[in-house]
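**Q** Take this structure first; my questions come after.
Any read-out appearing in this document is the output of simple, stated calculations on the displayed coordinates, not a laboratory observation. Note that the structure is predicted; figures quoted are calculated from it, not measured. No Cβ is skipped: glycine too gets one built from the backbone with ideal geometry, and neighbour counts run over all protein chains shown.
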Amino acid sequence: MPKEILHLTAQHTSENGICLAIRNLSANYPLHWHDYYEIEYVTSGSGKCLINDVEFDFKVGDLLFLTPSDFEEVLLEPNTNATFINISFDNNWINNDIYGNLSEGIVIPDYPAKFIECINSEYDNNDVHNALYIRYMLNCVLIDIIRKSTDINNNVSTSKYSEYVHKALKYTHAHFREQISQADVADNIGLSRNYFCSKFHSEVGMTFKQFLTELRLKYSVSLLINSDLSITDVCM
């Protein structure tokens, strides 16, 4: 199976860290990974989307969301095409207050089209305020994604951990590819470092350093399996 890594600047020649395009698929899209965030709104067709080996059905009106940590494969219904409004963007377009909560890809069924249509119509506008307009609309969509993700995962995510540890896990999943520390996470969620260390260990069953190392190792294994990166590249 082909393995592909997509980059925002190389794929879309975007200098502003965001690109909007209409994507037409007439065949399955093979397993791939990209180093940017992606929103896809389905305007025609149907099929299945595999995100990190979890299978989601999609149809017209559904919204697909992918983070830079996710591996995706799109499988169309036989003898059909699909069309998506594709919004690709880097983390500079995400409000700092919600950035740490965008930790995993998901498909949201029957998503209202209003914000997507606003972004789509505004993208080619040369008005002095259009970038700001797009930023606000995009972050409205991202807040909806966070809310829907919380609803969908409510029974798993909120019952197992306390609010603080849940926030810490979300932040860590969003930033584990960066040089983050236990102190960074504790400061972000508003706990003292010693208390955070104790609380995290008691609820998760391992130290924060062990959890971070395990998360990075799992991601490294996924990169080695699903990409053509060398071990050295993955380490870097």
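**Q** If you take every DSSP beta bridge fully contained in the chain, what fraction is antiparallel? Give it as a percent rounded to 5.
**A** Of those bridges, close to 90 percent are antiparallel.
**Q** Who wins for biggest fluctuation among E55, E77, E178 in a Gaussian network model of the chain, springs between alpha carbons below 10 Å?
**A** With Cα springs under 10 Å in the chain, the top fluctuation among E55, E77, E178 is at E178.
**Q** Could you work out the per residue convex hull volume over the alpha carbons of the range 42-189, in cubic angstrom?
**A** 123 Å³
**Q** Another one. With the chain treated as a Gaussian network of Cα nodes joined by springs under 10 Å, which of K170, K218, K48 yields the largest mean-square fluctuation?
**A** Maximum among the listed residues: K218.
**Q** Rounded to the nearest 20 Debye, what is the dipole magnitude of the chain about its Cα centre when Lys and Arg each give +1 and Asp and Glu each give -1 at the C-beta?
**A** 720 debye
**Q** Show that you can apply the helix-only estimate: for the chain, add -39,500 (n - 2.57) for every DSSP H stretch of four or more residues, divide by all residues, and state [θ] at 222 nm to the nearest 500.
**A** Helix contribution divided over all residues of the chain: -13500 deg cm²/dmol.
**Q** For K167, go through the lysines and keep the ones whose alpha-carbon is under 19 Å away, minus same-chain ones fewer than eight residues off.
**A** K148, K199, K209
**Q** Can you tell me the orientation of helix 130-152 relative to the chain, as the angle in degrees between its alpha-carbon axis and the longest Cα principal axis, to the nearest 10?
**A** Result, in degrees: 60.
**Q** Please report the relative contact order for the chain, taking Cα pairs under 8 Å with a sequence separation of at least 6, and give it as a percent rounded to a whole number. Mind dumping the intermediate values first?
**A** On the way: 381 pairs, mean separation 42.5, N = 236.
Across the chain, relative contact order equals 18 percent.
**Q** Right, here's the next one. Distance in nm between label sites at D184 and N52, each 7 Å beyond Cα in the beta-carbon direction?
**A** 1.9 nm
**Q** When all alpha-carbon pairs of the range 72-154 are counted, what percent fall beyond 16 Å? Intermediate values should be presented prior to the final figure.
**A** Details: 2057 of 3403 pairs.
Cα-Cα pairs of the range 72-154 separated by over 16 Å account for 60 percent.
**Q** Further question: At R0 = 30 Å, how high is the FRET efficiency between N81 and D127 if r is their beta carbon distance? Nearest 0.05 is fine. Let's see the in-between values first.
**A** Numbers: r = 33 Å, r/R0 = 1.11.
Result of the calculation: an efficiency of 0.35.
**Q** Any chance you could give the angle, 0 to 90 degrees and rounded to 10, that helix 193-204 forms with the longest Cα principal axis of the chain?
**A** Its long axis makes an angle of about 70 degrees.
**Q** Excluding residues fewer than 8 places away in the same chain, name every one of the aspartates and glutamates whose C-alpha is closer than 17 Å to that of K170.
**A** Output for K170: D70, D97, E104, D144, D151, E178, D184, D187, E203, E214.
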